[in-house]
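Undergrad: Submitted below is the structure of interest, expressed as structure tokens.
The values are calculated or read from the model by the stated rules, or taken from the named source; none is laboratory data. These numbers come from a predicted model, not from an experiment. We place every Cβ from the backbone using ideal geometry, glycine too, and count neighbours over all the protein chains shown.
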Amino acid sequence: MANELSNLAPNPGSRKTRMRVGRGEGSGKGRNAGRGTKGDKSRSGHKVRAYFEGGQMPLHRRLPKRGFFNHFSKDFEVVNLEKLGDVEAGTQVTADFLADAGIISRVGKDGVKLLGRGEITVALHVKLAKVSDSARAKIVAAGGTVETPSDDAAAE
């Protein structure tokens, strides 16, 4: 008999047929289907929630609650103008540019906010999520432009 794909079969005894529970007494797993008698775990659909402790007061209710978490808070990475002193004139300053230049280590969930501490002498094109009024005034005075999503919304 030739070794062909059509003749392949597993070695005898290497594959075990699965136990069919609840299929009569003669099957060896009849009557209660190996679940024991009565109770929560003998019923279909029984699941134990990960935090359930058998009726004992659960850990998340035993521990004291402290503080407050504001779900509506904004997450901005903050940069001051003084960090942009080495940037070449005419550069478009975006969140990606700041991250690539190593000026910021992360971009906040809501973007980057530019604050006005420090001076700027070169004209930059700033396109960020937020820019403070003092930073905006200094950039425009240096001959640059500022673009934010709120500016775009106000223009429409």
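Undergrad: Within region 88-110, track down each residue that is among the hydrophobic types (A, V, I, L, M, F, W, C), modelled with pLDDT under 90 and in contact with a strand residue (DSSP E or B) (Cβ under 6 Å, 6 or more places away or on another chain).
TA: Across region 88-110, there are no qualifying residues.
Undergrad: Right, another one. Could you grab me the full set of residues in region 101-123 that are within 16 Å of S73 (Cβ to Cβ) and acidic (D, E)?
TA: D110
Undergrad: Give the residue that is nearest to E119 (Cα to Cα), with candidates limited to residues of region 71-87 that are part of a loop (DSSP other than H, G, I, E, B) and modelled with pLDDT of 90 or more.
TA: F76
Undergrad: Which of the residues that make up region 1-59 are surrounded by 10 or more Cβ atoms within 10 Å (Cβ to Cβ) and either at positive phi or touching a residue at least 24 places away in the same chain (Cβ under 8 Å) (or both)?
TA: Result: G22, G24, G28, R31, A33, G34.
Undergrad: Please verify whether region 75-83 includes one or more residues that are aromatic (F, W, Y) and either in contact with a Ser or Thr (Cβ under 8 Å, 6 or more places away or on another chain) or without any contact (Cβ under 8 Å) to a residue 12 or more places away in the chain (or both).
TA: No, region 75-83 contains no residue that is aromatic (F, W, Y) and either in contact with a Ser or Thr (Cβ under 8 Å, 6 or more places away or on another chain) or without any contact (Cβ under 8 Å) to a residue 12 or more places away in the chain (or both).
Undergrad: Taking P64, is it outside any helix (DSSP H, G or I), loosely packed, with under 11 Cβ neighbours inside 10 Å, at pLDDT 90 or above and over 43 Å from the mean Cα position of the chain (by Cα)?
TA: Here the answer is no, as P64 does not meet what is asked.
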